[in-house]
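*Asks:* Just passing along the structure, written as structure tokens.
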Amino acid sequence: MPKVFLEKENKTVETKELIVSNILKSLKINPTTVIITRNNELILENTVLSKEDKISLIPIISGG
Amino acid sequence: MTCKFCLEKPVIQLPNSEKKLCKSCFIKYFERKVIKTINKYKLIEKNDHIVVAVSGGKDSLSLLYLLNKYCQKRNNKIKLSALQINEGIKGYRDSSIEDAKKFCKSQRIKLHIASYEKETGKTLDKVKKKYKDTIACSMCGILRRYLLNKYSRKMKATKLATGHNLDDEAQSIIMNQFRHNIALSARLGPITGVKKDPRFIPRIKPFYFLTEKEVATYAYLHNLIFKFNECPYCEDSNRFFIRDMLNDAEAKYPGTKHSIVASFIEILPLLKKKYKNQEINSCKLCKEPTSSDICSACKVKEKIKS
């Protein structure tokens, strides 16, 4: 199962979903609030993952 | 799946569009859009001294990086400096000050730091500890704007550049609507201010037409996103309520934020005209410009004095 690293929570979760947009939906994360990377490369929401993939969700926040 | 303009792998699907762009095409698109905004609204002119307000976050560092590149291409006829405000928030601002220092050193940009403690005698941490019910964001915003104007004027800036993006502007527009504060909206736009006054340094927003996600993508591609770091007081903010509301609307109805800003830009000249005769006084306590007798920053200072 793909692994998802949630940078804000600093934790990794496993998911049954293989399409990034479905992962975001299942985690109730608004796609406008994060950028998504795999192996330090940006990927799109319609990317289909393999079961061994690990992705990171990096929250977009203003500097304040 | 390839880039709209070449055969490379895309890194972003542009908001409110089907276009997918690779790293190199996206950077070109992003920088062209910034230059178009600068030219269209005359944000930067020859011999300007631009002071960039830096928080150490992705928006301001991306802006500083891009404007440095912009100035170098113009044979440095435009002077560039950076100004950071230290609110005194332990575990938050201290790390972003280090990030900003390192970045400015690598780019050879002079960084100035002004602090709440020097100005008011107290850090924001101390204020929050003593006045638990104080809404940190509103107080912080008043002091930050005050110090940015005061210190950029001291630095002889002709413009103060901020990393505000389309998301930030949409939030400000809606916040002012919710509070029936249209006079404040008249001061928004790619270049702020209703009328010229030497005491006010005009603020420019070169990222005005770029979304937060586009800026974050640009920052990521230039290694300008550091460790996740959120202000510990941010849950107090009305702005974050509006931000979440607009993000939900955007996910459901793509293009919402663009529409808010585009509609606003259409009526902005009328708002500026309506409020152009608003008087600008000098604060009786600090002599800084204000619309009333005592400026908001002095009111805050009085409140936290004891």
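*Asks:* Would you mind finding the one in B:Cys298, B:Cys283 that is in contact with a Pro (Cβ under 8 Å, 6 or more places away or on another chain) and more than 14 Å from every other protein chain (Cβ to nearest Cβ)? So that I can check it myself, show each step before the final result.
*Replies:* Values: B:Cys298 fails: in contact with a Pro (Cβ under 8 Å, 6 or more places away or on another chain).
Matching residue, one of B:Cys298, B:Cys283: B:Cys283.
*Asks:* Could I ask something else about it? Please find, among B:Leu224, B:Leu271, B:Leu246, the residue that is within 28 Å of B:Gly193 (Cα to Cα) and within 14 Å of chain A (Cβ to nearest Cβ).
*Replies:* Details: B:Leu224 fails: within 28 Å of B:Gly193 (Cα to Cα); B:Leu271 fails: within 14 Å of chain A (Cβ to nearest Cβ).
Selected residue: B:Leu246, the only one of B:Leu224, B:Leu271, B:Leu246 that is within 28 Å of B:Gly193 (Cα to Cα) and within 14 Å of chain A (Cβ to nearest Cβ).
*Asks:* OK, next. Sort out which residues of region B:254-293 are more than 22 Å from B:Ala186 (Cβ to Cβ) and part of a loop (DSSP other than H, G, I, E, B), and write them in order of number.
*Replies:* B:Pro254, B:Gly255, B:Lys284, B:Leu285, B:Cys286, B:Lys287
*Asks:* Right, something else. On the given criteria, is B:Glu230 in contact (Cβ under 8 Å) with a residue 12 or more places away in the chain, in a helix (DSSP H, G or I) and either exposed (fewer than 15 other Cβ atoms within 10 Å of the Cβ) or charged (D, E, K, R) (or both)?
*Replies:* no
*Asks:* Check B:Ile142, B:Ile191, B:Ile173 and return the single one that is more than 14 Å from every other protein chain (Cβ to nearest Cβ), within 28 Å of A:Ile35 (Cβ to Cβ) and in contact (Cβ under 8 Å) with a residue 24 or more places away in the chain.
*Replies:* B:Ile173 is the lone residue from the list that is more than 14 Å from every other protein chain (Cβ to nearest Cβ), within 28 Å of A:Ile35 (Cβ to Cβ) and in contact (Cβ under 8 Å) with a residue 24 or more places away in the chain.
*Asks:* Mind listing just one residue for me: the one in region A:4-20 that is polar (S, T, N, Q) and surrounded by fewer than 14 Cβ atoms within 10 Å (Cβ to Cβ) and, of those, nearest to the other protein chains (Cβ to nearest Cβ)? Lay out the reasoning, then the answer.
*Replies:* As a first pass, look at region A:4-20 and keep what is polar (S, T, N, Q): A:10, A:12, A:15.
Checking which are surrounded by fewer than 14 Cβ atoms within 10 Å (Cβ to Cβ) leaves us with A:10, A:12.
Working: A:Asn10: 8, A:Thr12: 14 Å.
In this case the residue turns out to be A:Asn10.
*Asks:* For region B:169-181, does any single residue satisfy the condition of being among the hydrophobic types (A, V, I, L, M, F, W, C), over 30 Å from B:Tyr29 (Cβ atoms) and in a loop (DSSP other than H, G, I, E, B)?
*Replies:* Scanning region B:169-181 turns up no residue that is among the hydrophobic types (A, V, I, L, M, F, W, C), over 30 Å from B:Tyr29 (Cβ atoms) and in a loop (DSSP other than H, G, I, E, B).
*Asks:* Now a separate question. Answer with yes or no whether B:Lys196 is of a type in the set (Lys, Arg), out of contact with any Asp or Glu (no Cβ under 8 Å at 6 or more places or on another chain) and under 23 Å from B:Glu279 (Cβ atoms).
*Replies:* In short, yes.
*Asks:* From the set of residues in region A:21-64 that are among the polar types (S, T, N, Q) and at the interface with chain B (Cβ under 8 Å from one of its Cβ atoms), which is surrounded by the fewest Cβ atoms within 10 Å (Cβ to Cβ)? Walk me through how you get there before you give the answer.
*Replies:* Looking only at region A:21-64, we keep the residues that are among the polar types (S, T, N, Q), and these are A:21-22, A:26, A:30, A:32-33, A:37, A:39-40, A:46-47, A:50, A:56, A:62.
Narrowing further to those that are at the interface with chain B (Cβ under 8 Å from one of its Cβ atoms): A:30, A:32-33, A:37, A:46, A:62.
On the way: A:Asn30: 14, A:Thr32: 19, A:Thr33: 22, A:Thr37: 18, A:Asn46: 11, A:Ser62: 23.
So, considering only residues that are among the polar types (S, T, N, Q) and at the interface with chain B (Cβ under 8 Å from one of its Cβ atoms), the one surrounded by the fewest Cβ atoms within 10 Å (Cβ to Cβ) is A:Asn46.
*Asks:* Taking helices (runs of 4 or more DSSP H) that do not extend beyond region B:34-153, which have at least 2 residues that are modelled with pLDDT of 95 or more and within 26 Å of B:Leu166 (Cβ to Cβ)?
*Replies:* So the answer is B:58-73.
The values are calculated or read from the model by the stated rules, or taken from the named source; none is laboratory data. Just so we're clear, the structure is a prediction, and the values are computed from it rather than from any experiment. Heads up, the Cβs are rebuilt from the backbone with ideal geometry, glycines too, and the neighbour counts pull from every protein chain shown.
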